[in-house]
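Okay, so here's the structure we're looking at.
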Amino acid sequence: MVALTSGVVSVARTLDRCTVLGPGVRAVVWVQGCPLRCHGCVAAETLPFEGGTARPVAELADWLAGLGPVEGVTLSGGEPFSQPEALAALLDAVRERRPEFTAMAYSGFRHEALRRGTAGQRALLDRLDLLVDGPYVASRHAPLRWRGSANQRVIALTGRYEDLLAGPDTSAGLEVSLAADGTLSWAGVPPVPDFRDRLDAQLAARGFALRRADPAHPEAPGSPPGPGDPDGPARPGYADPAGTGAGDPGAPGDPAGRPREARHDSTHDDKDEVRGEP
Ligand code: SF4
């Protein structure tokens, strides 16, 4: 039994309304830290286990339960199954107040590996309606619904969305939002593998530069692959929030002298964010 409101989630970013990372209108929690290093991952900022914001489960549950017409939450990252106990507790706490609240999660590990994983990982699986599994494989990039490469699967773990999955398997697109403070952000699965490079170029052509979200983690180019084996067992080290394994791709610092400052928060191959100050 998972304690309902104990623990904290290391969070990279949250969004209270999104229509491109799962069915219907959903909140999104991007967690901080991933043990994998998929080539072409655009989530560099969320790969280190250091950083992020420690958010108490109870606080996140209050936020989710208090949201208006959203039907559920999507857990992304980073790697949600690196902190499964806290996320399972979060879903339990929200469903105490909103029993119909649905849950979807992304994982760089395959479903079979997670089933052989830790008790916490199985507990989180048991609370999900949908799982998008497997690592991002750039050579198999495709404009598919809610995922970036053809090896990734959308798996119905309950009957809640089974009918929906019979529909067209095409990209849900990207969603752009502008916050009251002028922050521009976007979420969704980029339809092309070099989307971020193209975005960088387009913004640069218009006088914007990108700055990564977490300057505490400067980029280490040429990082070796991470330790995780997506098809292998989700071994205990995978769930260790301190176990960053091999190289930390991090993010480049903000080059000086750019005409305008923008902030580039990328949190997964299937979600990304740009914050700008036009
Ligand atoms: S694509 Fe997902 S699983 Fe792969 S390194 Fe990036 S965040 Fe981790």
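The values are calculated or read from the model by the stated rules, or taken from the named source; none is laboratory data. Model, not experiment: these values are computed from the prediction. Cβ coordinates were reconstructed from backbone atoms using ideal geometry, including for glycine residues, and neighbour counts include every protein chain displayed. Each accessible area value is taken on the protein alone, full model and side chains, heavy atoms only, with ligands, DNA and RNA left out. Shrake-Rupley method; radii C 1.70, N 1.55, O 1.52, S 1.80 Å.
Structure summary
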item	result
Search result, residues across the range 61-80 that are part of a helix (DSSP H, G or I) and open to solvent by 40 Å² or more (accessible area, probe 1.4 Å)	Asp62, Trp63, Gly66
Qualifying residue in the range 45-60 (condition: within 16 Å of the ligand (Cβ to nearest atom), out of contact with any Lys or Arg (no Cβ under 6 Å at 6 or more places or on another chain) and not in a loop (DSSP other than H, G, I, E, B))	yes
Complete set of residues in the range 29-43 that are near the ligand (Cβ under 8 Å from one of its atoms) and either over 19 Å from Arg110 (Cα atoms) or hydroxyl-bearing (Ser, Thr, Tyr) (or both)	Val42
The range 81-119, subset open to solvent by less than 10 Å² (accessible area, probe 1.4 Å) and out of contact with any Leu (no Cβ under 9 Å at 6 or more places or on another chain), residue farthest from Ala150 (Cα to Cα)	Ser82
Positions within the range 164-186 being in a strand (DSSP E or B) and not aromatic (Phe, Trp, Tyr), in sequence order	Leu174, Glu175, Val176, Ser177, Leu178, Leu184, Ser185
Filter pass, Glu79 being within 13 Å of the ligand (Cβ to nearest atom), over 25 Å from Glu162 (Cβ atoms), touching a residue at least 12 places away in the same chain (Cβ under 8 Å) and touching a Pro at 6+ places or on another chain (Cβ under 7 Å)	yes
Residue check for Val42: part of a loop (DSSP other than H, G, I, E, B), open to solvent by less than 40 Å² (accessible area, probe 1.4 Å) and touching a Ser or Thr at 6+ places or on another chain (Cβ under 7 Å)	yes
Residue ID - surrounded by the fewest Cβ atoms within 10 Å (Cβ to Cβ), chosen from residues in the range 136-149 that are in a loop (DSSP other than H, G, I, E, B) and within 14 Å of the ligand (Cβ to nearest atom)	Val137
Long-range neighbours under 7 Å by Cβ, at least six apart or interchain, first residue more than 16 Å from Gly77 (Cβ to Cβ) and modelled with pLDDT of 95 or more within the range 139-154, second aromatic (Phe, Trp, Tyr) and away from the ligand (no atom under 12 Å from the Cβ)	Val154/Trp146
Flag for Gly33 being buried (at least 24 other Cβ atoms within 10 Å of the Cβ), small (Gly, Ala, Ser) and part of a loop (DSSP other than H, G, I, E, B)	yes
Qualifying residue in the range 14-26 (condition: within 16 Å of the ligand (Cβ to nearest atom) and surrounded by 24 or more Cβ atoms within 10 Å (Cβ to Cβ))	yes
Close pairs (6 angstrom Cβ cut-off, 6 or more residues apart or separate chains): over 24 Å from Val154 (Cα atoms) in the range 47-76, open to solvent by 40 Å² or more (accessible area, probe 1.4 Å) and among the hydroxyl-bearing types (Ser, Thr, Tyr) anywhere	Val57/Thr5; Ala58/Thr5
Residues located in the range 98-135, provided they are in contact (Cβ under 8 Å) with a residue 40 or more places away in the chain, in a loop (DSSP other than H, G, I, E, B) and within 16 Å of the ligand (Cβ to nearest atom)	Gly108, Phe109, Arg110, Gly117, Gly134, Pro135
